[in-house]
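Down below is the structure, laid out as C-alpha cells.
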Amino acid sequence: MLWRDLADSSWQSLIRTRNRSLLTMFGIVVGIAAVILSLSIGEAAQSFILSQISSFGSDKLIIHPGPKTQTENPSPFVEESLVMKDIKRLKKESAWMPMVSGEMMQSDMIVGEGVSKNISLLGTLPDEILIGGYDMLQGNFITDSDVESHTRSVVLGYSLADEIFGQASPLGQSVKVGSNTYRVIGVMDKAGTQFFQNLDELAYIPATTMIDLYGKKSFEYLIAKTNLPLDESARRIEDIMREQHDIDNPTGDLAKDDFFVMTQADAIKTVSQVTSVLQILLSSIAAISLLVGGIGIMNIMFVSVTERVSEIGLRKAIGARYKDVLRQFLTEATILTIVGGIAGIILGSLLAFIAIQVINYYQPGWVFTVSWVGALLGVAVSSIIGLTFGYLPARKAAKLSPIEALRAE
Amino acid sequence: MDVIKIEKLTKQYENDEVVTPVLFGLDFTIPAGQFIAIMGPSGSGKSTLMHILGFLDTLTEGRYLFEDQDVSKLDDDVLARMRGEKVGFIFQAFNLLPKTTVFDNVMLPLLYSDVPLAKRRDMAMEAIESVGLAHRANNLSNQLSGGERQRVAIARALIRKPPVIFADEPTGNLDSKSGAQVMQILQRLNIDKGHTIVLVTHETYTAEHAERVLRLKDGLIQSDEPVKHRCLATGELIK
C-alpha cells in the first residue's frame, strides 16, 4: 500500500466521522496546550527571576544575618546580628571595598498633600544609590550627615512622588509617615523592578532614623561593592565579621558564624533550585492532562473499530493485509494527534502570551517567549501518544477475521 | 481448465471445545468461465463454502486448488493478495463506504494493489460504465437507490478484472426490478467478459440465471446438475 494512499484513505475516514474526530482531537489540543502553557510560563518565570538577580551585578556581595545552614539555605531564624557598628568597620576597607550599605524595611502609611498610601519604607545609607547605580531626578539622596544626625529626611521613589505631589515639586515639602513628619530631600529617577521590588514605590530614610523611630536593632542585610574577585572579598569579609562578632572560627566553618556572605552566583543557584522544582510541578500537571487526552484517543479508537467492523471486513475481502489495516488505523490516530498537537501548540502559546500580558500588568519585567522545548516536546509526545494509544485498537481491527467482520452487520 | 478444484473439503468450527462440523468432504470442480449457483437452505453451509472458495476462510481438511495452486499452503499476506487479484465479492448488504463517492468506492480495491495512480481513474470509469452508472460517478453512496448501490458494488468487484466473481445473495435486499438488473449484469459479465461467477442464493428463480446449480444440504452435496431452462436476460440493460 502506497504512503499516499494510506494518508489519503485515513484522511477520508477521519472526514467521514468528522464530529468524532474533532472531539477526539479536542482532548489532545487541551493536553498539548496545557504543556505549552505551563512550560512557557515556567520559562518566563525563570528568565524573569534570573534577570532580576543579574540586575544585582557581579561585583556585589550580600551579607545575611544568621549562619548558613548545612543545606546551604538561609536559616529561617533571622538573627539580629548586622548592626551599624559592622558597617562602620567595613567602611574602613575602602581600598578594596569602596561602597557598603545596608537595608532595613518597614511598612507604614505615608500621608502628604491629602494623599495617603501604604508603602514600604527603606532604612538605608548613602552608598545605597551608588551600589544600585540609580539616578536622582531632583535633590539629593541620603547623606552621611543625615545618617550622623538621624535627620527626618525622606527620599521618594519616582511613582510615589508623582502620586503625592503630581506636577508640583516635592523638594522641601513635608510628608507624614506613621506619626512622624519628614522633609522631602530628593526624588529618585525611574528605576523599575529590581530584585522583585518596585523601587519606584519606595521611600528611603536614613537607617539611623529608622532605628530610632521603629526600634530596629539590625539590618536585614548588608550590600557591598568590591573591586577584588568575589571569593577573595567574601573571605576577607568573613574574617572581619568574625573579629567584629568575637567568633572563634579558625576552620571557617560557616555553621558557626552568625552571618553569611552570598554572591550573585549563590543567589542564582538557590533560585534555580526553586524554579526547577516549579518546572517539574507544572510539567507533571501537564503530563497528566496529556495522558488523559491519550486515553481519550484510545477510547475513541476502540469505538471506531467496533463501529467499523464491517468496513474492516470489506477491506480485507478486497485485498487488504493485516498490516494495511493496522497502518490505516495507526495513521488515523497519528493524524489526529499531530493535527491536534499543532493546534494545541498554537492555543497554548496564545494562552501563555495572554497570561504573561496579565502578569506583566501586576509585575512588570516578564517577557513572553514561545517555549520551543515545549513545542517540540508537544509534537513528539502527541505523536507517541497517537501511536501507543492507537496501537491496541488498531491491532484489534487488523486481527479481525474477514468473515466475522463481514457477518457483523 | 478448472479454475476451482475441491477435494474432500471438510470444515468444522471449534469454539470453546465444542466442535461444529459444517461441511463434510465435498468434491467438485468449477471450470473457468462457468456461471454456477450454489443453493441450499440456511445452515446448509453454502456461505461457509463461498467464504472458503473466496479465501476468506480456511478449510479444516481436504484440498483446495485455485488455478492449480494449493490454497491451504498459502500464508495470510498471499491470501490477501489473491483476494485482491483473483476474486471479487458482491455482498447482500452492498458494503459500500458511507459518505464516499461512487468513484472512490469503486477505486477502493486499487488501494491494496500496485496499480499506478495514473491508471486508476480510467480503470474505475471503465468499471462504472460497465454497470451503467457513469452519470452517478460523483454521487455519494448514500444518495443511491439499493439497486444502484449493488451495481456500484459490482463495479468495485470488477475493477481489477478478477477471473472469479463471488456473489452472496446479491439480490436479497433488492426489489425484483433491481434484482433483475443485477442478474443481467452478472450474466453479461459471464457471457461477454468470460468471468467465472459463483452465485450463492436460496431463490430458484435467481439460480436459473446460472448454467449449473449445486445444491447443498447439511454440509453435503445434494445435487449438482445443469440448469435445464436457463433464464437469459437479453437485450439492452434494463433501465
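The values are calculated or read from the model by the stated rules, or taken from the named source; none is laboratory data. Since this is a predicted model, take the numbers as computed values, not measurements. With ideal geometry, Cβ positions are generated from the backbone for all residues, glycine too; neighbour counts draw on all protein chains shown.
Brief remarks on what is shown
- Cβ-Cβ under 9 Å pairs, at least 6 apart or on other chains, the stretch A:1-15 side at the interface with chain B (Cβ under 7 Å from one of its Cβ atoms) and within 18 Å of A:GLY386 (Cα to Cα), far side of a type in the set (A, V, I, L, M) and in a helix (DSSP H, G or I): A:SER9/B:LEU108; A:SER9/B:LEU111
- All positions within the stretch A:113-134 that are at pLDDT 90 or above, of a type outside the set (A, V, I, L, M) and in a loop (DSSP other than H, G, I, E, B): A:PRO126
- Exactly one residue out of B:ARG83, B:ARG121 is within 10 Å of chain A (Cβ to nearest Cβ) and free of Cβ contacts under 8 Å to residues at least 40 places away in the same chain: that is B:ARG83.
- Restricting A:GLY348, A:GLY374 to residues that are more than 14 Å from every other protein chain (Cβ to nearest Cβ) and under 17 Å from the mean Cα position of the chain (by Cα) narrows the list to A:GLY374.
- Residue list for the stretch B:47-67, restricted to those being under 15 Å from B:ILE4 (Cβ atoms) and in contact (Cβ under 8 Å) with a residue 60 or more places away in the chain: B:LEU49, B:MET50, B:LEU53, B:GLY54, B:TYR64, B:LEU65, B:PHE66, B:GLU67
- Considering residues of the stretch B:68-102 that are part of a helix (DSSP H, G or I), touching a Lys or Arg at 6+ places or on another chain (Cβ under 8 Å) and not small (Gly, Ala, Ser) only, the residue nearest to B:LEU56 (Cα to Cα): B:ARG83
- Residue in the stretch B:60-78 that is nearest to the other protein chains (Cβ to nearest Cβ), counting only those that are at positive phi and surrounded by fewer than 16 Cβ atoms within 10 Å (Cβ to Cβ): B:GLU67
- All positions within the stretch A:336-356 that are over 28 Å from A:ASN299 (Cβ atoms) and of a type in the set (A, V, I, L, M): A:ALA352, A:ILE354, A:ALA355, A:ILE356
- Lone qualifier among B:GLN181, B:GLN187 - being away from chain A (no Cβ under 14 Å), touching a Gly at 6+ places or on another chain (Cβ under 8 Å) and either of a type in the set (A, V, I, L, M) or touching a residue at least 24 places away in the same chain (Cβ under 8 Å) (or both): B:GLN181
- Filter result for the condition that a residue is modelled with pLDDT of 90 or more, of a type in the set (Val, Ile, Thr) and out of contact with any Gly (no Cβ under 9 Å at 6 or more places or on another chain), over A:THR208, A:THR143: A:THR143
- Which listed residue, of B:LEU56, B:LEU110, is within 25 Å of A:ARG308 (Cβ to Cβ), modelled with pLDDT of 90 or more, facing chain A (nearest Cβ under 9 Å) and part of a loop (DSSP other than H, G, I, E, B): B:LEU56
- Unmet criterion (only one of (1) surrounded by fewer than 16 Cβ atoms within 10 Å (Cβ to Cβ); (2) within 13 Å of another protein chain (Cβ to nearest Cβ)) for B:LEU97: (1)
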